[in-house]
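Here the structure is laid out as structure tokens; the discussion comes afterwards.
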Amino acid sequence: MTANAAARGTPQPAPAPEKLAGELGLTPTEHQRIVDTLGRVPSVAELGAYSVMWSEHASYKTSKAHLARLPGEGPAVLVGPGENAGVVDVGDGLAVAFKIESHNHPSYVEPFQGAATGVGGIIRDVLTMGARPIAILDALRFGDPAAPATRRVADGVVCGIGGYGNAIGVPTVGGEVDVDACYDRNPLVNALCVGAMGRERLQLARAERPGDVAVLIGQPTGRDGIGGASVLASASFGGADTSKRPNVQVGDPFAGNQLIEACLQLFARGLTAGMQDMGAAGIACSTAELAAAGGLGMRVDLDRVPLREPSMAAWEILCSESQERMLALAHPAQLDELLAVCRRWEVAATPIGEVTDGDRLVFTHGGEVVVDVPAASMTDDGPVYQRPIDAWIHPRAGEDVDAADGAGAGAEAGQAGAPMASADLAAEWAELLSHPRVADPTWIAEQYDSAVGSATVAGPGADAAVLRLPGADGMPGATRRGVAITTDSAAQRCALDPAEGARQIVAEAARNVACVGARPVAATNCLNFGDPTRPTVMGAFSATVDGMAEACRALGTPVTGGNVSFYNATGSTDVHPSPVVGVLGVLADVGAVVPSAFRGAGDRVLLVGAPTRPGLAASLWQRVYGELAGSLPPVDLDAEAALHRLLVGLAGDGLLASAHDVADGGLAVALAECALRGGVGVRVTAEAGLSPRQWLFSESPTRVVVSVAPPEIGQVRHAVEAAGLGATELGETVDEPTLSVDGVATLDVHTAGRAWRGGLPAALGGGVS
């Protein structure tokens, strides 16, 4: 022991530390790295803290090297990757913070609280940047509707999102849902939050000066949410059976609302010198990240932490993920005012430590030092892995399925339990409209409050949600400026070709934003993958990152932050590569938003962008009537970028009555959605050169259905030609209850509407609350 260590009081080592490290998920190499860093055997509390800080979720130790290939800078980016959320400049002195994160595993263990606390966590990430949270979107993936647990999980997740978001006062304005057997025991629950603020109120999570006081703001700390460290709660370490608690956190949205208002007032008064959410890894994470980001240390007395259960051990206090907590740094001269603001909002605030010179993160408990480590050793200086990579090759990738209208080998008989493909294209059209991937989202959306806060201009069901921003002073109505935000994913495409699938996801998300008239400026991502120790999973991950990076550069949407979720696997079965992308766009005037619904009879209907190509591989049609196989029609990113510019320009000139991208289900589904949402019929003629099935259901990229008033047709055609794109006049909207492709297929509106509106309740309804 060195003299300095003796003066500080060296933490007592853990009993059988190697065995304990293994139980906590630390590898022998990682344990030895800790020993080498500290120059001694770590204590129980130190092992617990390192185990959560070096976990895959907190450290990105497997993904970090790959994520560096994503573009993170751009003209509008104020804060990129590395902070709690990305922040972009949207003009008029305003900034927007946004980020998406996963809460997949907790949402299977306890669906309601898993989803609810996922929403709470992403709201606090955005709040820490100085922004008022103004909207939530959720991207959800559930298992086969016939699987026993699917409806229970889906019901719990939807209720959890609504229960927390509705009560905390942040509207849920969009998202997406899909089902697949690969998610049977691995649902994906990805939540995105958007926040608004004046540029000058930007906050950063870093310690700035020694002597600043560390203040724990919010709820008391309990044993809920103690992740991998919960294995320490055993009799051999002095614990009792009652100390074993579920690993899923428990949220309180009403306390969350008070926390939001208190923090916003603290920011407005300039009373914080840094703030960090206490999410994953709790106090251990928030203190280490604040200190390490500033190149400083911190000393914290765990005896000062308000507890729900006074018998909690030091490692439990450190690793608890109890919700609705923040760690703020304040200058000593401003501490009393900070505490007074928190009292005003009835939010507990307790000084628990201070920022120190040097780089040491020190925790005391019961008058003894229980942790004494370099702060950066838990964050930036943690392990980084280059795991083995093998190419992800789907066994049926490359098959020529389009020549047979998408039906792979054996598809003539259909998948087990699936409908049979037939010559009745109208029946196939109706069947696709009922699929949860494209069905009317109202059954889920009506369980959410999408209008609270009065910022929602376009909500669930729109190509992208549109939000009117408050003024720089936080007051509504001070500006007409707004943002559009959407999420997209295409796991089946990524299962066939991860790189091309990722390119198409970015393109589709940005296209959705452009469809409402907004200029895409930035992206966030949530990368959901299987077991990274399998080289093919890492091959898919690496290829996805490369495809995403290429598309984001081409389309001007740098990735400002996000999340990686590995180990979405059961036994030897991994989920499909499931990257989710959120794209943010800027609108100068929310009054110019273009809807996706046809507005009335008599408008001309055009297909704008790239020509329709054979594209049934990984399509919705193939999912229903065939087996996953084939080659994806590649996206032309230059043409895609030109289409986005065209749509934004046409919207700004007021030339579009509606715009809706062609995606899942192809033209048939896109036309039906436009008509059903608008309450009008449509009559079109199929183009020559493709089989009727291909023309109806191909999902080839870079296409948008627009409706235009007849007097505007000439201007629209001129703009399309100037952009180097194509425009095909398909037909017109009609005052008849029909969806008609002349000579190919016809659906009456009532049949189509019944299939579309009944899809989600039929697949996921009837769950147990």
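The values are calculated or read from the model by the stated rules, or taken from the named source; none is laboratory data. Note that the structure is predicted; figures quoted are calculated from it, not measured. Because the Cβ atoms are built from the backbone with ideal geometry, glycine has one as well, and the counts that use them run over all protein chains shown. For the accessible areas, the whole protein counts, side chains as well, though only heavy atoms, and no ligand, DNA or RNA atoms are used. Shrake-Rupley method; radii C 1.70, N 1.55, O 1.52, S 1.80 Å.
Summary table below
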quantity	calculated
Mean-position separation - Cα centroids, region 565-637 and region 705-760, in angstrom	18 Å
Mean accessible surface per residue for region 245-382, computed with a 1.4 Å probe while every protein chain stays in place, in Å²	35 Å²
Spin-label pair E23/E56, simplified geometry with 7 Å Cα→Cβ offset, distance in nm	2.3 nm
Sulfur and carbon atoms: percent of accessible area, region 553-699 [1.4 Å]	51 percent
Assigned charges on the beta-carbon of Lys, Arg, Asp, Glu; region 277-402 dipole about Cα centre (debye)	360 debye
Dimensionless Rg ratio for region 1-140, taking C-alpha atoms and the 2.2 N^0.38 Å reference	1.39
Computed lengthening from Q447 to R754, 0.36 nm per intervening residue step minus Cα-Cα distance	108.5 nm
With every protein chain in place, region 84-155: carbon and sulfur % of accessible area (1.4 Å)	56 percent
Relative packing of peptides 661-672, 201-212 - highest average C-beta neighbours within 10 Å first	661-672, 201-212
Descending Cα extents along the principal axes, region 148-207, whole Å	51, 25, 21
Reach of K61 by Cα under 14 Å, taken over aspartates and glutamates that are not fewer than 8 positions away in the same chain	E30, D380, D381, D531
Accessible area (Å², per residue) of region 528-580, counting only protein heavy atoms and a probe of 1.4 Å	25 Å²
Heavy-atom surface of region 655-769, accessible at 1.4 Å and reported per residue (Å²)	35 Å²
Peptide ranges 114-127, 28-41 listed from the most packed, as the mean C-beta count within 10 angstrom indicates	114-127, 28-41
Cα-based Kirkwood hydrodynamic radius, region 569-691, one decimal, Å	17.3 Å
Cα-based shape type of region 614-665, given that a ≥ b ≥ c are square roots of the gyration tensor eigenvalues and the cut on a/c is 1.5	oblate
Largest to smallest principal axis extent of the C-alpha atoms in region 547-617, angstrom	56, 34, 23
Principal axis box of region 330-369, alpha-carbon based, largest edge first, Å	34, 23, 12
Area projected by the alpha carbon convex hull of the chain, averaged over all directions, nm²	30.7 nm²
